[in-house]
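The values are calculated or read from the model by the stated rules, or taken from the named source; none is laboratory data. The model shown is predicted, which means the values in this text are computed figures rather than measured ones. As a convention, Cβ positions derive from the backbone with ideal geometry for all residues, glycine included, and neighbour counts pool all protein chains shown. Protein only, heavy atoms only, side chains kept; ligands, DNA and RNA dropped before computing areas. Shrake-Rupley method; radii C 1.70, N 1.55, O 1.52, S 1.80 Å.
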Amino acid sequence: MGAVPVSEALRRLSEDPGFWTGATSPPPHPDAATGPLPQENRAPAELRVSLPVTAGYGLVLEIDLVAGERTLGLRAPASSEPIQLGWTGTGRPYPAALRWWELDLCARVIALEDPTLPHPGLVVALLSPFAPATPDDDPAEIAAVRAAAYRALRRDAPPTPPAGPETAGPETAGPEQDPLPIFADDRWWPRPQPQHPPRVLDEATVSALAAPADVHLEVRGGRRFPRAELADLVRRAAERLSGHARDDCYAAARPLARNIAGTGDLRPVPRLLAALTEAGCDHPTVLDALSEPLVDLEACWMVETLAGAEPGSLLRRHLWARPG
């Protein structure tokens, strides 16, 4: 199981605010009066999202947009089909199929294996309803990570066409001298149409989605719950995460990473990035997480990883240190 790029169907769904809020209508069924829609215009009725983690293990989310059902499964190395972890339908609570730290761990490893799925991002946004907070969790930490994941959802922004001759590029350049008044009209040099904002969800929606759920269904005690397989996945994911930081190219930067993790001060992160670059680190996930524009939560988990610190320890220290 290697890296699997986000499918076009999932990309389109993830750019629809209604998909996250539950306001999206199910795909219409074609009838004899209208005939079937062209393939490129059809919304998928069902979608399977496969997220390889490590050592042949992965998480699989199956979405039925017509029935309003979502099923989270675990794929083990010896199984051809995922084993169900939890299921929910319209009006039903999400099952507590994963502990929060298990999801966070898997999302980190997925980001290391697949740079197109940075953390926190799409993986947390899709799967966090299956990992509600427990009394042992820090609600502020979970809310912060979930909010960052929803804020990370972006629409593809097409290049903005030039507004007129004064901003045109070499291939579309207008006249070199001022045009006659009639040719300066927008009918001759049309201005670009306003685009949708790149962020999918506004701040009010992000806050509502990131708030911890009060009601959840405990399923981990069930007879058919794959406890042994999930425990093996978690063990192997933890080994993968800790082993990543032992790469030789991180050795010179490790003391600085440990200092940042111990103080909670992210201001030296640019120095950490420079040290990694000088040491020959070229892992895109590592470099992107520490690059400008800096996303605090991305930087936190990467510094924790490089420092060999407990996952979430720097994030909690950073949240406590922030004003307000």
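Descriptive notes on the structure:
- Top-ranked residue in the stretch 76-104 [being charged (D, E, K, R) and under 20 Å from the mean Cα position of the chain (by Cα); ranked as most open to solvent (accessible area, probe 1.4 Å)]: Arg99
- Scanning the stretch 310-324 for residues that are free of Cβ contacts under 8 Å to residues at least 60 places away in the same chain and crowded, with 21+ Cβ neighbours inside 10 Å yields Leu314, His318.
- Some residue of the stretch 217-225 being at pLDDT below 95 and over 20 Å from Leu85 (Cβ atoms): no
- For Arg108, the conditions (1) in contact with a His (Cβ under 6 Å, 6 or more places away or on another chain); (2) not in a helix (DSSP H, G or I) are fulfilled apart from (2).
- Residue in the stretch 104-121 that is under 16 Å from Pro212 (Cα atoms), in contact with a helix residue (DSSP H, G or I) (Cβ under 6 Å, 6 or more places away or on another chain) and not small (Gly, Ala, Ser) present: no
- Matching entry among Leu217, Leu230, Leu256 (being on the phi < 0 side of the Ramachandran plot, surrounded by 15 or more Cβ atoms within 10 Å (Cβ to Cβ) and in contact with a Pro (Cβ under 9 Å, 6 or more places away or on another chain)): Leu256
- Subset of the stretch 243-253 (residues that are over 20 Å from Pro115 (Cα atoms), touching a residue at least 12 places away in the same chain (Cβ under 8 Å) and surrounded by fewer than 18 Cβ atoms within 10 Å (Cβ to Cβ)): Ala251, Ala252
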